[in-house]
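Shown next, in C-alpha cells, is the structure this report addresses.
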Amino acid sequence: MGWFRRRKQSAGAPGRTGNRADLEHLEQFVRSRRGVEAFIEPRTTVTETTVLLIAHDGEWTRRRIDSPEGARRFAHRLAMPIYDVALVGYPQRMRDFNERRKRAAG
C-alpha cells in the first residue's frame with residue numbers, strides 16, 4: 001500500500017514550474033493585445049518565478065516560468081520590454097484595471 005508515499009520536495013521548494021501550456025497562454029496574450037510589457041516576479045516560498053504580462057489598458061495575466069532568465073528570453077523573443085517588479089513595482093494601469101473590475105463585479 002502507498003498511503004504515506006508522498007514525494008518530498010526539498011525544503012522551501014515551491015510546487016510546479018512553468019510548462020508549455022503556460023508559455024502558449026502567455027504568447028496568446030501578447031498576440032491578442034497591444035502594448036504588452038512583461039514583469040518578472042521573484043520566486044517565493046509558495047510559488048516559483050512568475051512572469052506577469054500587462055497590456056496597455058491594464059489587463060494582465062500571470063503564469064509560472066522556469067527562471068528569471070527564462071522570462072527574459074521569452075520577452076526578448078517576442079520583442080517586448082521586461083522589468084523586474086521588485087525594482088520598479090507594479091504599474092498604475094494594472095491597479096486601475098483591478099479597481100474597475102472590482103467595481104463592475106460589486
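The values are calculated or read from the model by the stated rules, or taken from the named source; none is laboratory data. Not measured: the values here are computed from a predicted model. Here Cβ is always computed from backbone atoms with ideal geometry, including for glycine, and neighbour counts include all displayed protein chains.
Structure above, values below:
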read-out: Residue, farthest from PRO42 (Cα to Cα), within region 73-106, restricted to residues that are touching a strand residue (DSSP E or B) at 6+ places or on another chain (Cβ under 6 Å) and either in a helix (DSSP H, G or I) or charged (D, E, K, R) (or both); value: MET94
read-out: Residues of region 6-19 satisfying the condition of being at pLDDT 55 or above and either surrounded by fewer than 17 Cβ atoms within 10 Å (Cβ to Cβ) or of a type in the set (Lys, Arg) (or both); value: ARG16, THR17, ASN19
read-out: Options ARG101, ARG64; residue that is touching an Asp or Glu at 6+ places or on another chain (Cβ under 7 Å) and farther than 17 Å from GLY35 by Cβ; value: ARG64
read-out: Scan of region 68-91 for residues that are closer than 18 Å to GLU24 by Cα, surrounded by fewer than 19 Cβ atoms within 10 Å (Cβ to Cβ) and under 11 Å from the mean Cα position of the chain (by Cα), ordered by number; value: PRO68
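For (1) more than 16 Å from GLU69 (Cα to Cα); (2) at pLDDT below 95, each residue gets a yes or a no:
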| residue | (1), (2) |
| --- | --- |
| TRP3 | yes, yes |
| ALA21 | yes, yes |
| ARG34 | yes, no |
| GLU41 | no, no |
